[in-house]
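Visitor: Let me begin by handing over the structure; questions about it come next.
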Amino acid sequence: MSSYVKEISDRLDFIEFKQNILLLKQPQHKASIFYDLTLDDFLKIKSLTAKVSDIMTRGEKYTIYDFEKELFVIWPPIKSYPSSSTLVAKALMDTQYFDQLFMHDN
């Protein structure tokens, strides 16, 4: 894939992510924190969710706490958003992996 096509694809994924955040957030929560999320930070978060999905595909243990810890390192401002890890995981992960990550509320 050419760099131009990859950049367009990344930007579309970024826009779709922000749209999903608005649709999936709790009605009483404001999602304005995501306004400051950059494309680079989004790509790192997207890479993290892909890594987590791969780990779970291999049957290795990975907890929500592990996910939160890595997510907060990538983009620290998200700590202030209630249930941020759940929201990000729901917006970016396949349902199967999301359910597996939160299955035992580990």
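Visitor: Out of L37, L48, L23, any idea which swings most in a Gaussian network model of the chain, alpha carbons joined below 10 Å?
Guide: Looking only at L37, L48, L23, the biggest GNM fluctuation is shown by L23.
Visitor: Sticking with this one: Using all alpha carbons of segment 28-75, what is the percent of pairwise distances in each 5 Å bin, ordered from the shortest bin to the longest?
Guide: Calculated over all Cα pairs of segment 28-75, the distribution is 5, 18, 25, 22, 16, 9, 5, 1 percent.
Visitor: Stick to the Cα atoms of segment 3-102, pair each with every other, and give me the Kirkwood hydrodynamic radius in Å at one decimal.
Guide: 14.0 Å
Visitor: Over the chain, what is the relative contact order in whole percent, taking alpha-carbon pairs under 8 Å and six or more residues apart?
Guide: Computed over the chain, the figure is 33 percent.
Visitor: Just how much of E16 is accessible, in Å², when a 1.4 Å probe is used and the result is rounded to the nearest 10?
Guide: Result for E16: roughly 100 Å² accessible.
Visitor: If you don't mind, there's one more thing I want to ask. Write down the accessible area per residue of the chain in Å², having rolled a 1.4 Å probe over the full set of protein chains.
Guide: For the chain, the solvent-accessible area averages 64 Å² per residue.
Visitor: Given the DSSP H assignment, sum -39500 (n - 2.57) over each helix run of at least 4 residues in the chain and divide by its residue total; what's the result at 222 nm in deg cm²/dmol, nearest 500?
Guide: Calculated from helices alone, the mean residue ellipticity at 222 nm is -21000 deg cm²/dmol.
Visitor: Give me the percent of accessible area attributable to carbon and sulfur for the chain, probe 1.4 angstrom.
Guide: Details: 3670 of 6770 Å².
With neighbouring chains kept in place, the figure for the chain is 54 percent.
Visitor: Any aspartates and glutamates with Cα under 13 Å of the K46 Cα? List them, leaving off those in the same chain fewer than 8 positions away.
Guide: Cα-Cα hits under 13 Å: D10, D13, E16, D54, E70, D94.
Visitor: Determine the alpha carbon to alpha carbon distance for each of K30/K51; K6/K30; K6/K79; K18/K90 and list only those over 21 Å.
Guide: Flagged as over cut-off: K30/K51; K6/K30; K6/K79.
Visitor: Related question: If you put +1 on each Lys and Arg Cβ and -1 on each Asp and Glu Cβ, how big is the dipole of segment 3-102 around its Cα centre, in Debye rounded to 20?
Guide: Details: 13 positive and 14 negative charges, 41 e Å.
The calculation lands at about 200 debye.
Visitor: For segment 58-101, go through all pairs of different Cα atoms, get the mean of 1/r, take its inverse, and jot down that Kirkwood value in Å.
Guide: 11.0 Å
The values are calculated or read from the model by the stated rules, or taken from the named source; none is laboratory data. The structure displayed is predicted, hence computed values, not measured ones. Positions of Cβ are backbone-derived with ideal geometry, glycine not excepted, and every protein chain shown enters the neighbour counts. Heads up: the accessible areas ignore ligands, DNA and RNA and are worked out on the full protein's heavy atoms, side chains in. Shrake-Rupley method; radii C 1.70, N 1.55, O 1.52, S 1.80 Å.
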